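Working notes, structure below.
No lab work stands behind these numbers, since they all come straight from the coordinates. All of these numbers come straight from a predicted model, not from anything done at the bench. Please note: Cβ atoms are built from the backbone with ideal geometry, for glycine as well, and neighbour counts cover all protein chains shown.
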Amino acid sequence: MKVLKFGGTSVGSVNSMLNVKKIVEAIDDKVIVVVSALGGITDKLIKTSNMAASGDSGYEKEMKEIVNRHIEMVYTVIPAGEKRELLLDCVNELLSELKDIFQGIYLIRDLSPKTSSTIVSYGERLSSIIVATLIDGAQWFDSRLFIKTEKKHNKHILDSELTNRLVRETFREIPRVSLVPGFISSDKDTGEVTNLGRGGSDYTASIIAAALDADVLEIWTDVDGFMTADPRVISTAYPITELSYVEAMELCNFGAKVVYPPTIYPVCHKNIPILIKNTFNPDAPGTIVKQEADHSSKAIKGISSINDTCLITMTGLGMVGVIGVNYRIFKTLAENGISVFLVSQASSENSTSIGVRNEDAALACKVLDEEFAKEIEMGEISPMKAEGGLATVAIVGENMKHTPGIAGKLFGTLGRNGINVIACAQGASETNISFVVEGGSLRKTLNVIHDSFFLSEYQVLNLFICGIGTVGHSLIDQIHSQQERLKQERGLNLKIVGIANGHKAMFTRAGIDLTNYREELEEKGMPSSTQVLHDEIIGMNIFNSVFVDCTASEEIASLYKDFLGHNISVVAANKIAASSDYEIYAELKRIARHRGVKFLFETNVGAGLPVINTINDLINSGDKILKIEAVLSGTLNYIFNEISADVPLSQTIRNAKEQGYSEPDPRIDLSGTDVVRKLVILAREAGYCLNQEDVEKHLFIPDSFFEGSLDDFWRKIPSLDADFEARRKVLEREGKRWRFVARFEGGKGVVELVEVDRHHPFYELAGSNNIILLTTERYNEYPMLIQGYGAGASVTAAGVFADIMSIANI
Ligand SMILES: NC(=O)C1=CN([C@@H]2O[C@H](COP(=O)(O)OP(=O)(O)OC[C@H]3O[C@@H](n4cnc5c(N)ncnc54)[C@H](O)[C@@H]3O)[C@@H](O)[C@H]2O)C=CC1
Ligand SMILES: N[C@@H](CC=O)C(=O)O
C-alpha cells in the first residue's frame with residue numbers, strides 16, 4: 001500500500017489536477033491520497049479573514065475569487081453529468097458556510113484562533129472532495145475524525161497514540177483509492193477544528209503511512225526532489241538522488257522547503273522510504289529518503305539556509321561553571337514558544353549564542369533579560385545582545401563523519417572569499433555543520449560552498465576583465481574559444497561577469513555571452529569610471545572572483561588594494577602597480593597573502609614568457625639571483641631589427657604600435673620607462689628592494705622629444721630619422737647591432753643602448769623577442785636563459801590566461 005501526498009501546486013491548476021489523476025490511476029496497488037488546498041488558497045483564506053476582521057469590505061471580492069477558483073476548477077476537470085452536479089452541491093454548501101463565517105467576522109470585527117483554524121480547514125476540505133470526484137473510484141475520508149491534537153504550550157500538538165489507533169480503525173479495510181484532506185485535524189477533547197501547521201499535509205500523509213505500515217510515502221510536489229542548494233540562488237544546483245532520513249531532516253529543517261520537517265520522524269521510525277517526485281515531471285527519478293543512503297559519494301549532500309536569523313548572545317563571567325544556565329535559557333524560550341535553531345557555546349562557558357528567527361528576537365531578549373534580571377543587576381551577566389539581519393547556513397551529509405578536514409575546508413574556503421563566520425555549531429553526530437554569516441553574504445556563501453565541495457558540476461571562476469584593447473580583446477577571444485573545452489575536460493567554468501573599457505562597463509552574474517560582447521558593451525554598457533568599477537565589482541560580492549587588468553592605467557592599478565582586501569584576486573598585464581613605489585608593491589603582496597588570494601603579473605616581463613614564475617621557483621628552492629642581463633622591450637628590439645635604409649626610425653615606431661608591441665603610449669617604450677619598470681619587477685621578485693629612480697638610464701632619444709602631447713611626439717620624431725640612419729650605417733659596417741639592454745647586479749640596475757657584435761648572445765635576437773639571462777648561485781658558469789616573443793597580443797593574452805588558470809588551480 002502506498003500513501004501519496006499532492007501539494008498545493010500539484011492541485012493548483014487544471015493541468016496539474018489532470019496529472020494527479022493520471023499518476024494515481026496508473027498505480028496498480030491500494031493507495032491513500034492526501035491533498036493540500038488548491039495552490040494559494042490557504043494564504044487567501046487568511047488574508048480574507050484578516051480583511052473581514054478589520055472591517056474591510058474588500059473581503060467580499062476576495063471571497064468571490066475563492067468561490068470562482070473552486071467552481072471553475074470543478075467545471076474544467078469534472079465532465080458534465082451527475083457526478084459534477086453532486087460535487088457542485090457539496091462545494092457550494094462548503095463555500096456558502098465559509099461566506100457566512102466571513103460575514104460574521106466582518107459584523108463582529110473579531111477573529112479568534114478557533115475561527116481562523118476553522119476557516120483555513122475549508123481549503124483542504126474543498127480540494128479533497130474535488131480530487132475525490134476526479135479520480136475514478138476514490139472514497140473520501142474526513143481527516144478531522146482520525147487526526148487528533150491536544151493543546152501543549154498554547155500549541156496544537158499531535159496526539160500520536162490516539163491518532164494511530166483511529167487511523168488503523170478507519171482504514172481497517174483500505175479501498176483501492178482513498179482521498180484524505182491533509183493539514184486538518186481536530187482537538188481530541190473539544191472536537192474543534194485544528195491543524196498540523198503550515199505544510200502539515202506532508203505530516204498527515206506521513207502519520208497515515210506510518211500507522212498503516214505503508215510500503216512507501218510519496219510526496220508529489222513541483223520540484224524534481226531535494227536539490228543540492230536553493231536553485232533560485234545556485235543556478236547549478238541539481239536534485240539529490242538519495243538521502244538518509246537524518247540528512248533529509250537536516251536539510252528540510254533548515255530552509256529546504258521540499259518536505260515539512262515533522263513528516264520525517266513517523267516514517268523513519270517505521271523505516272518506510274519517502275520518495276519525492278515532481279507532479280509536473282513524473283518521469284524524473286526524484287529523491288528517495290531512506291535509512292541507509294548511498295555513502296560512497298560526496299562528503300556533503302546538500303546545503304540549506306535561512307536568510308532570517310537573529311543571534312542572541314548572552315555573556316558574562318557569572319555564567320562560568322554555573323550549573324543550570326542553559327536549562328534556564330531553553331526553558332524560558334520554550335515557555336514563550338520561541339524556537340531555537342542554532343546554539344553555539346564556547347568551552348569557557350562565558351558566552352552562549354542562540355539563533356532565532358528575526359521576528360522572535362525582541363521577545364527572546366525580553367524574556368531572557370527578565371529570567372536573568374538578578375544576575376544582570378549584579379553585573380554577573382550582561383543584558384542580552386541581539387544581532388539581526390543574519391543568515392544561517394548548514395552543510396549536510398552523513399559522509400562527513402568519515403571524512404576528516406571538512407570543517408577546515410569549509411572555513412578555509414569561506415575565509416579566502418572574505419566571508420566572516422559569526423557563529424558556528426556542529427553536533428557530535430557530524431552530519432551537519434551550521435554557521436551564521438551576514439545576510440548580505442548569503443548568496444556568495446552558498447555559491448562558494450556549492451563550488452568548493454564539488455556539488456556543482458563545474459568549478460567556477462568569475463572574471464572581471466578591464467581593458468579590451470590589444471591584449472584584453474585577444475584574451476577574451478582565447479577564453480571564448482576555450483570555455484567549452486575547459487568545462488568539459490577540466491570541469492572549470494570560466495565565467496566573464498564583467499567587462500570594461502575606458503568608456504563603458506557591463507556586469508552580469510550569469511556571465512556575459514562573448515559572441516558579440518563589444519557591440520553589447522557599446523549598446524548596453526553603463527558609463528565606465530574607476531569609481532563605477534570599484535563599487536560594482538565589490539558590490540557584486542561574487543565568490544572566486546578575479547580582476548584582470550589589461551589597461552595601462554594608473555587609476556585602475558590603484559584599485560588592486562581594495563580588490564585584494566575584498567578577496568578578489570588580481571591578474572595584471574598592467575605593470576604600474578608591481579613597479580610603483582616598493583612599499584605599494586610589498587603591501588599588495590602582503591594583502592594577497594593575508595587574504596589567501598593571488599596577485600599575479602607574469603606578463604609584466606617578457607609577455608607570455610615564464611620569467612617571473614621561474615625566478616620565484618629558483619628563490620623558493622633556495623637559489624639566489626646574482627645577476628640579470630636582458631633585452632626586455634619587444635618594441636625596442638623590433639625597432640632595432642627593422643630599422644633600415646628603407647624604413648626610418650619613425651616608421652619602425654609606427655609599425656611597432658600597429659603590431660601591438662608598444663605601450664598604448666609608445667613614449668613609455670622609447671623613454672626606457674617600460675624596461676626600467678620590468679627590471680625593477682624582476683629585481684623585486686628576485687628578493688631585492690629596488691625602485692625605478694634607483695635605475696641608471698642611458699637613453700637614445702633626447703628628453704625634449706617626450707615633452708608635450710603624444711601628437712607632438714609623432715610630429716617631432718621624423719626629425720631624428722636622418723641622424724639614426726647615419727649612425728645605423730656605421731653600425732652596419734662594423735657588423736654590429738643595437739640592443740637595449742637591462743642589467744641588474746650587486747643591487748644596482750642599469751638600462752642602456754648597447755652595440756653588440758656577432759659574438760654577443762643578444763646579437764641574433766630576432767623580431768620583438770626578449771631574452772633574459774639569469775646568473776644564480778646554481779646557474780653560475782652557464783646562466784639560465786629564457787628567450788622568445790616578448791610582446792604581442794596573442795602571447796601576452798596567453799600569459800594572462802595562464803595566470804588565471806593558476807588561480808583556478810585545476
Ligand atoms: N602589448 C603587449 O605586447 C603587452 C602589453 N602588456 C600590458 O598590457 C596592458 C594593455 O596593453 P594593450 O592591450 O596593448 O593596450 P591597449 O591600448 O590596446 O588597450 C588598453 C585598454 O585599456 C582600456 N582602458 C584604459 N584606461 C582605462 C580605464 N581607466 N578604465 C577601463 N579601461 C581602460 C582602454 O579603453 C583599452 O580598452 C598594458 O599595461 C601593457 O603594458 C604587457 C605585456 C605585453
Ligand atoms: N610595450 C612592451 C610590451 C610588453 O610588455 C614591449 O614592447 O615590450
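Restricted to region 283-374, the set of strands (runs of 3 or more DSSP E) holding at least 1 residues that are surrounded by 14 or more Cβ atoms within 10 Å (Cβ to Cβ) and touching a Pro at 6+ places or on another chain (Cβ under 8 Å) comprises 287-290. Pairing each residue of region 12-26 that is of a type in the set (Ser, Thr, Tyr) with any residue that is outside any loop (DSSP other than H, G, I, E, B), provided the two are 6+ apart or on different chains, yields C-beta distances under 9 Å for 13/73; 16/6.
Inside region 659-694, residues that are among the acidic types (Asp, Glu) and within 42 Å of the chain's Cα centre (by Cα) make up a count of 4.
Within region 117-155, the set of residues being in a helix (DSSP H, G or I) and of a type in the set (D, E, K, R) comprises 124, 125, 144.
Only residues in region 510-529 that are within 23 Å of residue 556 (Cβ to Cβ) count as the first member; pair them with residues that are surrounded by fewer than 11 Cβ atoms within 10 Å (Cβ to Cβ), Cβ under 8 angstrom, at least 6 apart or cross-chain, and list the lot. Short answer, once both residue conditions are applied: none.
So, of the residues in region 568-584 that are of a type outside the set (A, V, I, L, M, F, W, C) and crowded, with 22+ Cβ neighbours inside 10 Å, which turns out to be nearest to ligand 2 (Cβ to nearest atom)? Restricting to residues being of a type outside the set (A, V, I, L, M, F, W, C) and crowded, with 22+ Cβ neighbours inside 10 Å, the top hit is 575. Evaluate region 777-792: report whether one residue or more is in contact with a helix residue (DSSP H, G or I) (Cβ under 6 Å, 6 or more places away or on another chain), within 16 Å of ligand 2 (Cβ to nearest atom) and not hydrophobic (A, V, I, L, M, F, W, C). Yes, that holds for at least one residue.
Summed over region 601-642, residues that are more than 14 Å from ligand 1 (Cβ to nearest atom) and either of a type in the set (Lys, Arg) or on the phi > 0 side of the Ramachandran plot (or both) total 3. Considering region 681-705 alone, what residues qualify as being more than 13 Å from ligand 1 (Cβ to nearest atom), crowded, with 21+ Cβ neighbours inside 10 Å and not in a loop (DSSP other than H, G, I, E, B)? 682, 683, 685, 695 - these are the residues of region 681-705 that are more than 13 Å from ligand 1 (Cβ to nearest atom), crowded, with 21+ Cβ neighbours inside 10 Å and not in a loop (DSSP other than H, G, I, E, B). Do we have any residue at all in region 172-181 that's small (Gly, Ala, Ser) and within 37 Å of the chain's Cα centre (by Cα)? Looking for residues that are small (Gly, Ala, Ser) and within 37 Å of the chain's Cα centre (by Cα), one finds none in region 172-181, hence no.
Here residue 191 clears all of (1) touching a residue at least 24 places away in the same chain (Cβ under 8 Å); (2) assigned to a loop (DSSP other than H, G, I, E, B); (3) more than 22 Å from residue 268 (Cβ to Cβ) except the condition numbered (1). Between 741, 756, the distinction of being surrounded by 14 or more Cβ atoms within 10 Å (Cβ to Cβ) and within 16 Å of residue 676 (Cβ to Cβ) belongs to 741 only. So, of the residues in region 553-584 that are under 31 Å from the mean Cα position of the chain (by Cα) and aromatic (Phe, Trp, Tyr), which turns out to be nearest to residue 668 (Cα to Cα)? That would be 560.
Just for region 663-680: of the residues that are surrounded by 24 or more Cβ atoms within 10 Å (Cβ to Cβ) and touching a residue at least 60 places away in the same chain (Cβ under 8 Å), which one is nearest to ligand 1 (Cβ to nearest atom)? Among those that are surrounded by 24 or more Cβ atoms within 10 Å (Cβ to Cβ) and touching a residue at least 60 places away in the same chain (Cβ under 8 Å), it is 674. Once region 784-800 is narrowed to residues that are surrounded by fewer than 20 Cβ atoms within 10 Å (Cβ to Cβ), closer than 19 Å to residue 614 by Cβ and in contact (Cβ under 8 Å) with a residue 60 or more places away in the chain, the residue that is farthest from ligand 1 (Cβ to nearest atom) is 784. Counting only residues that are assigned to a helix (DSSP H, G or I), surrounded by fewer than 20 Cβ atoms within 10 Å (Cβ to Cβ) and either within 16 Å of ligand 2 (Cβ to nearest atom) or polar (S, T, N, Q) (or both), region 587-630 holds 4 of them.
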